[in-house]
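Bear in mind that the values in this text are calculations on the coordinates, not laboratory data. The model shown is predicted, which means the values in this text are computed figures rather than measured ones. Quick reminder, even Gly has a Cβ in these numbers, built from the backbone with ideal geometry, and neighbours come from all protein chains shown.
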Amino acid sequence: MKKKILFVCIHNSARSQMAEAFVNKLCGEHFEASSAGIEPGKLNPFVVEAMKETGIDISGNQTKSCEDMIRSGVKFDFIVTVCDEASAERCPVFPGGGRRLHWGFPDPSSYQGEPAAKLDFTRRVRDEIRAKIAAWCGEMCR
């Protein structure tokens, strides 16, 4: 039976979406990943483009709220916040007692600059998330 993991960030528009996609691709035989936001926003187009470069199409994804995930009644084995420390403190308590982890990554949506620079920054964050997920899957999926 697959363990369920939920990735949470502020808007569910970038970091949590990337983490969800990488877990489902890299160790989907062991984990079923979902994502949600404390204040869901709109999917970041730079994230969609950066993920497409890795062969993962998230363009059809919708942002989801933590409240929706709690109401769904799904019990998560892991709840992983991927935002900054202060924002992670705002993450609600999920029923079921899943293990909480925090993996902080910079927010691609907050980066200011020209579109090419925003995409480059998003790629760096994507690669950090992919490396963290690959290492974690390597540990957890033995």
- Message: If I filter the range 1-33 down to residues being in contact with an Asp or Glu (Cβ under 6 Å, 6 or more places away or on another chain) and within 14 Å of I79 (Cβ to Cβ), which single residue comes out as surrounded by the most Cβ atoms within 10 Å (Cβ to Cβ)?
- Response: F7
- Task: Go through the residues of the range 22-32 one by one and say whether even a single one is in contact with a Leu (Cβ under 8 Å, 6 or more places away or on another chain) and not small (G, A, S).
- Result: no
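Yes/no per residue for (1) without any contact (Cβ under 8 Å) to a residue 24 or more places away in the chain; (2) not β-branched (V, I, T):
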position: V23; (1), (2): no, no
position: E29; (1), (2): no, yes
position: A33; (1), (2): no, yes
position: T54; (1), (2): no, no
position: S59; (1), (2): yes, yes
position: Q62; (1), (2): yes, yes
position: D68; (1), (2): no, yes
- Task: Return the total of residues in the range 105-124 being surrounded by 14 or more Cβ atoms within 10 Å (Cβ to Cβ) and part of a loop (DSSP other than H, G, I, E, B).
- Result: 4
- Somewhere in the range 62-69, is a residue outside any loop (DSSP other than H, G, I, E, B) and under 24 Å from R124 (Cβ atoms)? no
- Task: Answer yes or no: is there a residue in the range 40-59 that is more than 26 Å from A117 (Cβ to Cβ), out of contact with any Lys or Arg (no Cβ under 9 Å at 6 or more places or on another chain) and either of a type outside the set (F, W, Y) or not in a loop (DSSP other than H, G, I, E, B) (or both).
- Result: no
- Condition set charged (D, E, K, R) and in a helix (DSSP H, G or I), scope the range 16-38, selection farthest from V125 (Cα to Cα): answer is K25
